[in-house]
Amino acid sequence: PQKTSFHRSQTLGYKNGYAFSRPPTAGIGGERLYVNQLSEAELDELSSKRLALTYGQAKRAPPSGFIPAHVALDKKVLKFNAYFQEDVPLSTVEHYRVRQVAIYYYLEDDSMSIIEPVVQNSGLPQGKLVRRHRVPKNDCGDYYHWKDLNRGMNITIYGRTYRIVDCDQFTQVFLESQGIELNPPEEMASDPYTELRRTPMRKSIAPSDFDKLKQFLTYDKQVLRFYAVWDDTDNALGENRSCIIHYYLADDTVEVREVYKQNDGRDPFPVLIKRQRLPKTFVDKIKTFPSCVLEISDQEVLEWYTAKDFAVGKSTTLLGRTFFIYDCDEFTRNFYRDKFGITDFQSVELKKKPLEEVPQVIPPYNGFGIPEDSLQNCFSLFPKPPRKDVVKMLENDNKVLRYQVALESPNPVDRKRRFVLSYFLSNDMISIYEPPVRNSGITGGKYLGKTRVPKPGSTPDNIMYYEPSDLTIGSTIEVFGHRFVITGADEYVLNYLESNAEHFPAATLQSLRDHFRPQQVSKETA
């Protein structure tokens, strides 16, 4: 109990690049070992020995090399075949289950592991049931040893009892060499439910006289093709859909595929009804049979669809859908002509209903953005910006007409505010800027961004915007509910209008001249 060190002394080492083994000099905890060292009597005998003459004592044979246990027993494993019984409380088919396992005992470090062979489609988590480690034997701290394992015995590991029935040849030879008498081997128990699954089910149905193999070999890869229309106009958002009905002569199955057209707006799922046998008439007592939920067998169906049930120019109901057959291919015509003697295969022309033209109603302008830009959302799903007059933009680039305006307001403070109205000739847009005035209590800056300002009284169908001819000295303009009075302009406005006098009315030009005449007189007088 007083021991605090439990390490083992090193027995392997290297010297001058060569590995050598040396006997341990100390045991676990540092205790001195007397097995690999000379005793006191041997030391006294050697000290009393005298040198012998030519014919002295014979030399003793060197001691055998020491091999550690983890080297001698490396990769030596004992294998036992066992099984355990597991209860199945929630099943009426089986009450217990037998699971076969293999118990491995590793002689190197006295560890154990239990592995269950994986069975395909068993539905059980199989494989490694107990990982490799030293398995406790009881609550006293003892562990299982290979001396505790034998054939024909039960072993309990973590509350589960395993029955050991046999072992492999290496395990048998090893245990017999250690003096352990092995019990006779037992037969491995089998799972009753697994054996029940392996037995073939008894069939009480009498074989039919119809040879399905002959039908398959005769009509393999022979398919009847009918062109039909599914009229779904009775339902909401329904329409006429083109379909192709395939009838496989090899097994009397039917498949319906939908024909898709380019840009029809439907997802590409061509199979409308998968390949299967379709019932035509049910048994009278099975009228309320939920066919959409449960599978349909031969007991519920009185008659199945066959090749004689399809004809050109007639309607056929398949799984509640009515298909009108209007044509078929050449192979189908030849088959019906040789098999049933039918020669009338006149195709039916389908008349398409003309599409009703829906008038395009343009909604009223909601006040957001430019009306021309908002109008593009009514013409295309991906709207494009309205076209610009590139020639006008190039000719009038960087040409801006600036006016001084005053806000018309009942508030005397607002009447003293002055603004600069800029008219851009390249795109007919207007912006308003208020120069900041110190100690006025009003923050100046941008009052209105660049935009086209409609005239009062204009409608969304006929929008009229302000033009340079409307901007005369003393006139009032209304900008989105705010009224401004033009009180002045710069000289560039007068020069531009005089150079292009043929495009502007005389009243606009005369108002600018009257505004700048006092300034010119004062300059000439000065």
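Normalised by the number of residues in the range 68-214, the mean separation of alpha-carbon contacts (under 8 Å, six or more apart) gives a relative contact order of 22 percent. Residues in the range 114-126 carry Karplus couplings, in order, of 10, 10, 9, x, 7, 9, 5, 6, 7, x, 10, x, 9 Hz; the curve used is 6.51 cos²θ - 1.76 cosθ + 1.60 with θ = phi - 60°, and Gly or Pro positions show x. Length gained on full extension, Glu108 to Asp470, computed as 0.36 nm times the residue gap minus the Cα-Cα distance: 119.7 nm. In the context of the full protein assembly, Arg97 retains an accessible surface of approximately 40 Å², using a probe radius of 1.4 Å and ignoring ligands and nucleic acids. Subtracting the Cα-Cα distance of Ala189 and Glu357 from 0.36 nm times their residue separation leaves 52.4 nm of extension gain.
Of the chain, which part is the longest with no GluC sites (Glu not before Pro) in a loop (DSSP not H, G, I, E, B) and with at most 10 other C-beta atoms within 10 angstrom? Counting only loop sites that pass the neighbour cut-off, the longest clear stretch is 358-526. In order along the range 421-436, phi translates into HN-Hα couplings of 9, 10, 10, 8, 6, 6, 9, 6, 9, 10, 10, 10, 10, 10, x, x Hz, rounded to whole numbers, per the Karplus curve 6.51 cos²θ - 1.76 cosθ + 1.60 with θ = phi - 60° and x for Gly and Pro.
Remark: the range 240-247, residue by residue, has Karplus-estimated 3J(HN,Hα) of 7, 10, 7, 9, 10, 9, 9, 10 Hz, where x stands for each Gly or Pro and the curve is 6.51 cos²θ - 1.76 cosθ + 1.60 at θ = phi - 60°. Candidates Ala189, Phe66, Pro456 compared by Cα position along the dipole of the chain: farthest toward the positive end lies Phe66, with charges placed on Cβ.
A cut-off of 5 Å between modelled amide H atoms, ignoring neighbours fewer than 5 places along the same chain, links Phe282 with Leu302. Can you compute log10 of I(q)/I(0) for the chain with the Debye formula, treating each Cα as one identical point scatterer, at q = 0.06, 0.11, 0.13 Å⁻¹? Cα-only, vacuum Debye calculation for the chain: -0.79, -1.14, -1.30. Accessible area per residue was computed with a 1.4 Å probe on protein heavy atoms; His482 scores about 90 Å². The listed peptides 417-427, 140-150, 12-22, ordered by packing as a protection proxy, come out as 417-427, 140-150, 12-22 (highest mean of other Cβ atoms within 10 Å first).
Using equal-weight Cα scatterers in the Debye expression, the normalised intensity of the range 398-525 in log10 at q = 0.18 Å⁻¹ is -1.07. Over 31 Å apart at the Cα level, from the set Lys450/Lys523; Lys392/Lys416; Lys15/Lys128; Lys416/Lys455; Lys261/Lys339; Lys212/Lys261, are Lys450/Lys523; Lys392/Lys416; Lys15/Lys128; Lys261/Lys339; Lys212/Lys261. Taking amide hydrogens as placed 1.01 Å from N in the peptide plane, the amide H of Asn240 sits under 5 Å from those of Asp232, each at least 5 positions away in sequence or on another chain. Sorted from greatest to least, the principal axis extents spanned by the alpha carbons of the range 351-430 come out as 76, 38, 16 Å.
Per residue, the average separation of C-alpha pairs within less than 8 Å and at least 6 apart gives the chain a relative contact order of 6 percent.
What a 1.4 Å probe finds exposed on the range 75-197 is 46% carbon and sulfur by accessible area, rounded to a whole percent. Computed extension length for Glu176-His246: 17.8 nm, one decimal, from 0.36 nm per residue of separation with the Cα-Cα distance subtracted. Take the Cα of Glu42, go 7 Å toward its beta carbon, and the backbone nitrogen atoms of the range 62-92 under 20 Å from that spot belong to 62-68. Within the accessible surface of the range 305-423, defined with a 1.4 Å probe on protein heavy atoms only, the carbon and sulfur portion equals 54 percent. Each of Gly367, Ile296, Leu394 was scored by the projection of its Cα onto the charge dipole of the range 294-411, and the greatest displacement toward the positive side belongs to Leu394; charges sit on the C-beta of Lys, Arg, Asp and Glu. Simple rule: put +1 on each Lys or Arg Cβ and -1 on each Asp or Glu Cβ in the range 212-340, find the dipole, and look at Tyr336, Thr317, Thr253; the Cα lying farthest toward the positive end is Tyr336.
Solvent-accessible area of Ser475, all protein chains in place: 20 Å² (probe radius 1.4 Å, heavy atoms, ligands and nucleic acids excluded).
Over the chain, give the accessible area per residue in Å² for a 1.4 Å probe, as an integer. Ligands and nucleic acids excluded, the result is 73 Å² per residue. Placing +1 on each Lys and Arg Cβ and -1 on each Asp and Glu Cβ, with no other charges, gives the range 75-197 a dipole about its Cα centre of roughly 400 debye. For the range 292-365, applying the loop criterion from DSSP together with a ceiling of 15 other beta carbons within 10 Å to the trypsin sites (Lys or Arg not before Pro) yields Lys314, Lys351, Lys352.
Okay, which of the range 377-406 sit inside 17 Å, backbone N to the point 7 Å along the Cα-Cβ direction of Ile442? Once the point is set 7 Å along Cα→Cβ of Ile442, 403-406 turn out to lie under 17 Å by backbone N, inside the range 377-406. Between the amide H of Tyr143 and those of Lys137, distances stay under 5 Å, these residues lying 5 or more places away or on another chain, with hydrogens modeled in the peptide plane. Given +1 at the Cβ of Lys and Arg, -1 at the Cβ of Asp and Glu and no other charges, the dipole of the chain around its Cα centre is 1540 debye to the nearest 20.
The values are calculated or read from the model by the stated rules, or taken from the named source; none is laboratory data. Since this is a predicted model, take the numbers as computed values, not measurements. So basically every Cβ, Gly included, is an ideal-geometry build from the backbone, and we count neighbours across all protein chains shown. We work out accessible area using only protein heavy atoms, side chains counted, and drop any ligands, DNA or RNA first. Shrake-Rupley method; radii C 1.70, N 1.55, O 1.52, S 1.80 Å.
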